[in-house]
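Single-structure report; data block below.
The values are calculated or read from the model by the stated rules, or taken from the named source; none is laboratory data. What you see is a predicted model, and the numbers here were worked out from it, not measured in a lab. Note that each Cβ is placed from the backbone with ideal geometry, even for glycine, and that neighbours are counted across all protein chains shown. Accessible surface areas use protein heavy atoms only, side chains included; no ligands, DNA or RNA. Shrake-Rupley method; radii C 1.70, N 1.55, O 1.52, S 1.80 Å.
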Amino acid sequence: MINGKTKLSCLIGRDVRESKSPQIHNYIYNKLGINCKYLNFSLNENQLSDFISTVKTLKIPGFNVTIPYKEKIIDFLDEVDDTAKKIGAVNTVKYIDGKLIGYNTDGAGYIMSLKNNNVDISGKKILVIGAGGAARGILFFLSKENPESIHIMNRTKKNAEAVIGELKNYYEMIDYDHYNEDEDYDIIINTTSVGMKSKDSPYKFTGKESAVVSDIVYNPRLTTLLKEAKENGLKTVEGIEMLIYQALLADQIWFDLEIDADIMGEIIKIIS
Ligand code: ATR
């Protein structure tokens, strides 16, 4: 119910009309009795400054940021937490005591989705497809889990090399040149948008793989990559889980809560 104390939280991005974030957050608010409503706002870059003023005027407790503003938004913030600073991208902003503080919950949300599926990262050989903003957050958190190695496969070599250059400060066993189709990876992760609303796949299975395959694309839920992985008898992790975990983590930051991750299963049911 909306009343005089109802708060607003939201997502901003260039075109966020299709985002499932409102369903996820509003479900959490209903379930936990948080008096807040979550909406999506599609903005042009030249509207960011006005949006920030509005957040301060209306004392909006928090908002999420998506493509293509996860880096740009940093210019408008008073503080950025260490992790988001290292990743170089912010997807969650909290407004408190007159200050805007930036966080990144994408990478941590992704790791939670693997752990929820009992996927161990430590000692594993990982192939990450893509080297954009989403990849950076995921790579940063993966590297902290002590994998044996991470190889990056990307359309544009120099973009992969730029990401590797940043990551090398924290993790040594990351490479582009050693990517090898015949390598037996334990975990294959798609961080690109390939497969979103299309039948394209960023990886061709040889039939020899024994990997866990995961995709951050969640529309469709079963991407061609995941479908082919299943056909090859491989375990899969869907992108919708990362989306839900990063949302749970954002609400924890905004409302100083510990949210029981068990409600994730219920959310998956209502948004599929
Ligand atoms: P995000 O911030 O969401 O990760 P991004 O920075 O645009 O988005 O990065 C997108 C990633 O997907 C990049 O790795 C990009 O490859 P390039 O570095 O070659 O640009 C990859 N990508 C996007 N569209 C692709 C396509 N059609 N085929 C292959 N890779 C693609």
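Give me a comma-separated list of calculated 3J(HN,Hα) values for the stretch 196-204, in order, Karplus coefficients 6.51, -1.76, 1.60 applied at θ = phi - 60°, integers in Hz, x for any Gly or Pro.
Karplus values, whole Hz, x for Gly and Pro: 6, 6, 8, 8, 5, 10, x, 8, 9.
With just the Cα atoms defining each centre, how far is the stretch 163-211 from the stretch 233-268? Give it in Å.
Their Cα centres are 23 Å away from one another.
How large is the Kirkwood hydrodynamic radius of the stretch 61-119, in angstrom, based on all distinct alpha carbon pairs?
Roughly 11.9 Å, rounded to one decimal.
Scan around L39 for amide H atoms under 5 Å from its own, H built in the peptide plane at 1.01 Å from N, and keep only partners 5 or more places away or cross-chain.
Here the answer is S9, C10, L11, since their amide H atoms fall under 5 Å of that of L39.
Å³ per residue of the Cα convex hull, for the stretch 94-168?
110
Going by a ≥ b ≥ c, the root eigenvalues of the Cα gyration tensor, does the stretch 42-93 fall in the rounded group (a/c under 1.5), the prolate group (a/b larger than b/c) or the oblate group?
oblate
Using 0.36 nm per residue of separation minus the Cα-Cα distance, give me the extension gain between E183 and K99 in nm, one decimal.
Full extension of this stretch gives 25.5 nm more.
Per residue, how big is the convex hull around the C-alpha atoms of the stretch 207-260? Give it to me in cubic angstrom, could you?
81
Determine the distance separating the Cα centre of the stretch 93-154 from the Cα centre of the stretch 61-83; give it in Å without decimals.
Each part reduced to its Cα centre gives a spacing of 17 Å.
Give me the extension gain from I2 to E266: residue separation times 0.36 nm, minus the current Cα-Cα distance, reported in nm with one decimal.
92.7 nm
In the stretch 175-272, which trypsin sites (Lys or Arg not before Pro) are in a loop and have at most 12 other Cβ atoms within 10 Å, using DSSP for the loop call?
K197, K199, K204, K208
At a 1.4 Å probe, what is the % contribution of carbon and sulfur to the accessible area of the stretch 55-137?
On the stretch 55-137, the fraction of accessible area on carbon and sulfur atoms equals 47 percent.
What are the extents of the Cα atoms of the stretch 94-234 along their three principal axes, listed from largest to smallest and rounded to whole Å?
55, 33, 31
May I ask you to derive the FRET efficiency for N146 and K59 from their Cβ-Cβ distance with R0 = 45 Å, giving the value to the nearest 0.05?
Calculated transfer efficiency: 0.60.
Rolling a 1.4 Å sphere over the protein heavy atoms, what is the accessible area per residue of the chain, to the nearest Å²?
Here the per-residue accessible area is 48 Å².
By the gyration tensor of its Cα atoms, with a ≥ b ≥ c the square roots of the eigenvalues, what is the shape of the stretch 160-272: rounded for a/c under 1.5, prolate for a/b over b/c, or oblate?
Since a/c reaches 1.5 but b/c is at least a/b, the shape of the stretch 160-272 is classed as oblate.
Round to a whole number: what % of the accessible area of the stretch 181-223 belongs to carbon and sulfur, probe 1.4 Å?
48
Which of the trypsin sites (Lys or Arg not before Pro) found in the stretch 52-120 are in a DSSP loop and have at most 15 neighbouring Cβ atoms, other than their own, within 10 Å?
Answer in residue order: K59.
Label K168 and Q252 with points 7 Å out from Cα along Cα→Cβ: what is the distance between them in nm?
Going from the K168 label point to the Q252 one covers 3.3 nm.
What are the extents of the Cα atoms of the chain along their three principal axes, in Å, largest first?
Per principal axis, max minus min of the Cα coordinates gives 60, 38, 32 Å.
Whole-Hz ³J(HN,Hα) for each residue in the stretch 168-176, computed from phi via Karplus 6.51 cos²θ - 1.76 cosθ + 1.60 with θ = phi - 60°, x for glycine and proline: what do you get?
Result, ordered by residue: 4, 4, 10, 8, 7, 7, 10, 8, 10 Hz.
Here are some pairs, K235/K269; K125/K204; K144/K204; K125/K227; K85/K168; which of them have Cα atoms lying more than 24 Å apart in this structure?
K144/K204
Taking θ = phi - 60°, what integer Hz values does the Karplus form 6.51 cos²θ - 1.76 cosθ + 1.60 yield along the stretch 76-82, in sequence order, with x for Gly and Pro?
Working through the residues one at a time gives 9, 9, 7, 9, 10, 5, 4 Hz.
Using the alpha carbon gyration tensor of the stretch 19-149, what are the three equivalent-ellipsoid semi-axes (square root of 5 times each eigenvalue), largest first, in whole Å?
Square roots of five times the eigenvalues give 29, 18, 13 Å.
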